[in-house]
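The structure appears right after this line, and notes come after that.
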Amino acid sequence: MKEISEQHLSEPGLVVLDITAAEKDTLRLVVARLEERWATSGPAPVRRVPGRAGVTGRVYADIRRSGAGG
């Protein structure tokens, strides 16, 4: 994955989440649940890392703002 940009952490309340799950359906469900609570960058591209179990995705979130569910 790319390095985390300073821009994505430039203010309190901005976070970068790297999520690892057993398979892509679980990863997508977790991201959907985060979107209900906070403003996020949306569905994370799913990546497989050779030699590592599961799949990974990165989400950018602003925990100061409500998401679609709030």
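The values are calculated or read from the model by the stated rules, or taken from the named source; none is laboratory data. Everything numeric in this text was worked out from a predicted model, so none of it was measured. Ideal geometry is used to build each Cβ from the backbone, glycine not excepted, and the neighbour counts take in all protein chains shown. Areas reflect the complete protein model, heavy atoms only, side chains present, ligands, DNA and RNA absent. Shrake-Rupley method; radii C 1.70, N 1.55, O 1.52, S 1.80 Å.
Numbers for the structure displayed
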{"quantity": "Subset of region 47-70 that is open to solvent by 70 Å² or more (accessible area, probe 1.4 Å) and in a loop (DSSP other than H, G, I, E, B) - its residue that is nearest to residue 2 (Cα to Cα)", "calculated": "48"}
{"quantity": "Residues of region 1-42 that turn out to be among the basic types (Lys, Arg) and more than 18 Å from residue 55 (Cα to Cα), as a count", "calculated": "1"}
{"quantity": "Search result, residues across region 1-35 that are open to solvent by 90 Å² or more (accessible area, probe 1.4 Å), charged (D, E, K, R) and part of a helix (DSSP H, G or I)", "calculated": "6, 24, 25, 28, 33"}
{"quantity": "Output for region 36-46, where each listed residue is among the small types (Gly, Ala, Ser) and surrounded by 15 or more Cβ atoms within 10 Å (Cβ to Cβ)", "calculated": "39, 41, 44"}
